[in-house]
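Have a look at the structure below before the remarks.
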Amino acid sequence: DTAVSQTPKYLVTQMGNDKSIKCEQNLGHDTMYWYKQDSKKFLKIMFSYNNKELIINETVPNRFSPKSPDKAHLNLHINSLELGDSAVYFCASSLRVAGYGYTFGSGTRLTVV
Amino acid sequence: KQEVTQIPAALSVPEGENLVLNCSFTDSAIYNLQWFRQDPGKGLTSLLLIQSSQREQTSGRLNASLDKSSGRSTLYIAASQPGDSATYLCAVSLYNFNKFYFGSGTKLNVKP
């Protein structure tokens, strides 16, 4: 299946831990994104990579570090997790020009306790 | 800064009704506008993409319009079905920015 797949689907962890979320797309897209959806359902962009290069870095704490080993993968590592990090994190991909073929993964629900 | 607002926040209608979801945005210098559908526990599915030069797009029972000058878009759903129940999100992208600004969505419930 052609898709954007992210793992894990659910992640429950304690404050202070470090965790990673993985994302892979097999659509041949060259741009990948991380979005955060908070409890009020607002989706906000965090990062965007184009061909392994960081092109968008919104105001996100330094504890969040994206890593793109190749243009088909964009992982998100979070250090020293805090309660406020609890949210659903969505990975997405698209062709270079905004909007074309924009495809989302099914999300990772992160709960920090 | 681009702000996207969706009204209403929630809508409940009987099956078969035609309905309109509204989206407004503050910066009219958009590159395109996209309507998404989000089902509980799932990702977003793209429904319709309207380029800034277009006025509307249609797909099956869905029709989306765009009035860039007034900063508005509407999503029209004809003959609604229970399977249409989901949250509908509007998102706009600006020129030279490869990202979307999202509204908070309209949660639609179509009753059988």
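Bear in mind that the values in this text are calculations on the coordinates, not laboratory data. Please read these numbers as outputs of a predicted model, since none were measured by experiment. Neighbour counts are summed over all protein chains in view; Cβ atoms, including those assigned to glycine, are modelled from backbone coordinates with ideal geometry.
So how long is each side of chain B along the principal axes, counting just the alpha-carbon atoms, biggest first, in Å?
Extents along the principal axes: 43, 28, 20 Å.
I'd like the FRET efficiency for A:K67 and B:R61, computed as 1/(1 + (r/R0)^6) with the beta carbon distance as r and R0 of 45 Å, rounded to 0.05.
0.60
Taking R0 as 35 Å, what FRET efficiency do you get between A:S20 and B:D39 from their Cβ-Cβ distance, rounded to the nearest 0.05?
My answer for the efficiency is 0.85.
Between B:R72 and A:F42, what is the label-to-label distance in nm when each label sits 7 Å out along the Cα-to-Cβ direction?
Taking the simple label geometry, B:R72 and A:F42 are separated by 2.4 nm.
Name the residue, out of A:N50, A:N79, A:N17, whose mean-square fluctuation peaks in a Gaussian network model built on chain A with Cα pairs under 10 Å.
The residue with the greatest mean-square fluctuation here is A:N17.
Quick one: give the max-minus-min coordinate of the C-alpha atoms of segment A:4-90 along each principal axis, largest first, in Å.
35, 23, 23
With the alpha-carbon atoms as the only input, what is the per residue convex hull volume for the protein assembly as shown in Å³?
Given the Cα convex hull of the protein assembly as shown, per-residue volume reads 121 Å³.
Measuring from centroid to centroid over Cα atoms, what is the spacing of segment A:22-54 and segment A:70-91 in Å?
A separation of 10 Å, based on Cα centres.
Per 0.36 nm of contour for each residue apart, how much would the distance between B:E3 and B:Q51 grow if the chain were fully extended, relative to their Cα-Cα spacing?
Contour length minus the Cα-Cα distance gives 15.4 nm.
In whole Å and largest first, what semi-axes does the C-alpha gyration tensor of segment A:12-57 yield when each eigenvalue is scaled by 5 and square-rooted?
After scaling each eigenvalue by five and taking roots: 23, 15, 11 Å.
Build a GNM of chain B with springs between Cα atoms under 10 Å: which of B:P82, B:P14, B:P40 gets the top mean-square fluctuation?
Between B:P82, B:P14, B:P40, it is B:P40 that shows the largest mean-square fluctuation.
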